[in-house]
Amino acid sequence: MRTRTTLAAAAALALGLGLGAPAVQAAPPAVAAAPDIPLANVKAHLTQLQQIANANGGNRAHGRAGYKASLDYVKGKLDAAGFTTSVQQFTSSGATGYNLIADWPGGDTSQTVMTGAHLDSVTAGPGINDDGSGTAGVLEAALAVSRAQLKPDKHLRFGWFGAEELGLVGSKYYVNSLSTADRGKISAYLNFDMIGSPNPGYFVYDDDPALEKVFKDYFATLSIPTEIETEGDGRSDHAPFKNAGIRVGGLFSGADYTKTSAQAQKWGGTAGRAFDACYHSSCDTSTNINDTALDHNSDAIAYALWQLSTGTTTPPTGDVYENTTDVTIPDSPGAAVTSSVSVTGRTGNAPSALKVGVDIVHTYSGDLVVDLIGPSGKAYRLHNSSSDSTPNINTTYTVNASTETANGTWKLKVQDKGPQDTGYINSWKLTF
Ligand code: DTR
Ligand code: CA
Ligand code: ZN
Ligand code: ZN
């Protein structure tokens, strides 16, 4: 679109190119360093799970002896380490299923950080990567909390769910069993389903920007690039938590999708081959694991626990929910971009006068179409494209969002409809 040479445009362009002074960020609270999770310990759990499958018909599937034996193994380790454990029963496909829940005593239970994996395999095999890897990584991170005698600000809970392979049955049962108030006390759920794939990728769930950032920051310390997990939302036990308005995050090393050449370039492994060629097969045994991926992902679980168990996650003063991450807006005819905020811990619906503060740096505001997307997916138009040549959009809109649940993921969606002129989302916020 028209490029103006005014001072304001030049300043906006400079900012748009990130030449402006970076936002001053408050220093994060000092956090004790998470311990290294010994790979040998994680592998020892996998050996036990393999032996359990060997002794019980070759699998650890829902309704089979191998599943309950797996639960008894994990529970025994946790009981010995000082966790308060409970076993939740449910019925699925005519068989009794079990969830194992373990609480680490202490911490503010109104701000519970929960970490989980699914304990069941498919009937075809022992499920050592799917999801013995997540089971063992979460177990060893929990045992590291005990070894450290961690005194977290927030309460730590761990879960191993049954019948995930039948359709997230155990985790749905768990979330549904919680009162609305108890759901509101879970400030984050971290899910680990397949974290040791033999031809691994490093995928991070992008459902919640803050939780995504925790994991991306960790892998940045290892100089390992990550990608967002895109195999399809809702394909593991984080889905029932997200559907209940709980912030979710997690890691994934890949399943039956094929690794591309570009991915092999940055992660190693074999292009043109599945991340896990034994997915849901009898060959998903203890040899079906990449030790490096299992080690890094297990260490990432501990890093996230130590990071998230400190400080508070109650909504900022004035019930403001903000995302200050810059998001570049591709020039027309580029696709729309979005920036998300996750609202949790509230009750009921959003207000009829929800305040939406928008700060977009752009050289030609008339290029832009801006929408608020509520948790239901409904779009609320905030700004239409026009011939308005004024740069930037920095204003607060009032939206009647009373048909939306307050909790959930809210998005700001921006699209540039006019060629030339560029910019970025600088920040945006909701005030309830
Ligand atoms: N559904 C999981 C495997 C799986 C496939 N895509 C994703 C994405 C994120 C986590 C897990 C998965 C299973 O078979 O258990
Ligand atoms: Ca390690
Ligand atoms: Zn599976
Ligand atoms: Zn799985």
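For the reader, a short list of remarks on this structure follows.
- Unique residue being in contact with a Gly (Cβ under 9 Å, 6 or more places away or on another chain), over 12 Å from residue 199 (Cβ atoms) and surrounded by fewer than 22 Cβ atoms within 10 Å (Cβ to Cβ) when the list is 223, 281: 281
- Taken together, 133, 86, 121 contain a single residue that is within 16 Å of ligand 1 (Cβ to nearest atom) and over 29 Å from residue 210 (Cα atoms), which is 121.
- Unmet criterion (only one of (1) out of contact with any strand residue (DSSP E or B) (no Cβ under 6 Å at 6 or more places or on another chain); (2) over 26 Å from residue 172 (Cα atoms); (3) within 14 Å of ligand 3 (Cβ to nearest atom)) for residue 274: (1)
- Matching residues in segment 214-229 - criterion: being within 11 Å of residue 304 (Cα to Cα) and either within 9 Å of the chain's Cα centre (by Cα) or within 16 Å of ligand 3 (Cβ to nearest atom) (or both): 215
- Residue match in segment 52-75 (condition: open to solvent by 10 Å² or more (accessible area, probe 1.4 Å), touching a Pro at 6+ places or on another chain (Cβ under 6 Å), closer than 27 Å to residue 287 by Cβ and away from ligand 2 (no atom under 16 Å from the Cβ)): no
- Close pairs (9 angstrom Cβ cut-off, 6 or more residues apart or separate chains): modelled with pLDDT of 95 or more and open to solvent by 10 Å² or more (accessible area, probe 1.4 Å) in segment 119-141, within 11 Å of ligand 1 (Cβ to nearest atom) and in a helix (DSSP H, G or I) anywhere: 122/130; 122/165; 123/165
- Residue satisfying condition, being touching a Lys or Arg at 6+ places or on another chain (Cβ under 9 Å) and away from ligand 4 (no atom under 15 Å from the Cβ), within set 100, 78: 100
- Filter pass, residue 197 being part of a loop (DSSP other than H, G, I, E, B), open to solvent by 60 Å² or more (accessible area, probe 1.4 Å), within 27 Å of residue 295 (Cβ to Cβ) and not basic (Lys, Arg): no
- Any hit, segment 392-400, residues being farther than 24 Å from residue 207 by Cβ and touching a helix residue (DSSP H, G or I) at 6+ places or on another chain (Cβ under 7 Å): yes
- Remark: pairs (first residue in segment 288-304, in contact (Cβ under 8 Å) with a residue 40 or more places away in the chain and under 9 Å from residue 137 (Cα atoms); second residue in a helix (DSSP H, G or I) and open to solvent by 10 Å² or more (accessible area, probe 1.4 Å); Cβ separation under 9 Å; 6+ apart in sequence or on different chains) = 294/39; 294/43; 295/39; 298/39; 298/41; 299/39; 299/218.
- Matching residues in segment 94-143 - criterion: being hydroxyl-bearing (Ser, Thr, Tyr) and in contact with a Gly (Cβ under 6 Å, 6 or more places away or on another chain): 98, 121, 133
- Taken over segment 151-193, the criterion of being open to solvent by less than 30 Å² (accessible area, probe 1.4 Å), away from ligand 4 (no atom under 16 Å from the Cβ) and part of a loop (DSSP other than H, G, I, E, B) is satisfied by 152, 178.
- Conditions (1) open to solvent by 10 Å² or more (accessible area, probe 1.4 Å); (2) over 30 Å from residue 429 (Cα atoms): number failed by residue 254: (1)
The values are calculated or read from the model by the stated rules, or taken from the named source; none is laboratory data. All values derive from a computational prediction rather than experimental measurement. Reconstructed Cβ throughout: ideal geometry from the backbone, glycine too, with neighbour counts over all protein chains shown. These area figures cover heavy atoms from the full protein model, side chains too; ligands, DNA and RNA do not enter into them. Shrake-Rupley method; radii C 1.70, N 1.55, O 1.52, S 1.80 Å.
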